[in-house]
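The values are calculated or read from the model by the stated rules, or taken from the named source; none is laboratory data. Keep in mind that this is a model prediction, so the values were computed, not measured. In this analysis, Cβ positions are derived from the backbone assuming ideal geometry, glycine residues included, and neighbour counts consider all displayed protein chains. What goes into the accessible areas is simple: the full protein's heavy atoms, side chains included, and nothing from ligands, DNA or RNA. Shrake-Rupley method; radii C 1.70, N 1.55, O 1.52, S 1.80 Å.
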Amino acid sequence: MTDTIPADQDTPTPTRNRSARRRGSFGGYVATKVAVLQDGYLREESFAIAALARLRAGLGREPGEDFAILAQTQVNKDHLEHWLGGEPTHTERAMHTALTLYAVHQQSIRDRAMHEDGRGLGAAVNLLTSKAASAEAVRRRFAALGTATSYSPVTTHLRSLIRLLRDHRIPLDYGVLAEDLVKLQKPWGPSEVRGLWGRDFYRQPEPGERPEGNATDPNIESAPADATSEE
């Protein structure tokens, strides 16, 4: 299997429930790229294992700095946005962040997809409160994310939360996250995105309020002992 990325698609997420987040065109484009890597990784294809390792190494760097991951992180012209000088566009930065975070999220997990349609960040973190040893510690990290005022601190807090989601095998929609990250870079974006994430969190049932027989997501298992080991 090669690492050829399918053509761009507008792939809205299925409306499985009222809280599911929907993707636009750019989110569908990112989700398609993630899905190709995810499928290959779960099948233990060598191209995907190598690509995710390279993407993890690019975490925290600027788009375009690491030539080894350009095949995964490049944005096609339909989604590039207006380019000014040498600075990355909003979509380039969001694509790079989303794919490198996904590579961390899926690391060492070969039997469960960590990219899942429709699950926004707030919903994933809410579920994390019922899985982690301290729900209050999770809420504090989420609150810290909400106080970040620029892109770099947001991504720093996101890394911390993504590692916790990985440890507890809780998936996330990376197409939705990428679109949130594009908005975050707009002048009006931070307050809107904080509102999206906050409502996404608080509109989920609290751990003790989930309907009987569905106190936890039946598809989410306890993290294996080596969940955070290197490839």
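Computed over protein heavy atoms with a 1.4 Å probe, the carbon and sulfur contribution to the accessible area of the range 52-168 reaches 52%.
Listed by chain and number, the lysines whose C-alpha is less than 22 Å from the C-alpha of Lys77, apart from same-chain residues fewer than 8 away, are Lys33, Lys183, Lys186. Surface analysis of the range 35-179 yields an accessible area of 39 Å² per residue, using protein heavy atoms and a 1.4 Å probe.
With each label modelled as a point 7 angstrom along the Cα→C-beta vector, the Ala137-Ala57 pair spans 3.2 nm. Taking the charge dipole of the range 100-210 about its Cα centre, with +1 at Lys and Arg Cβ atoms and -1 at Asp and Glu Cβ atoms, the residue from Ala178, Leu164, Gln204 reaching farthest to the positive side is Leu164.
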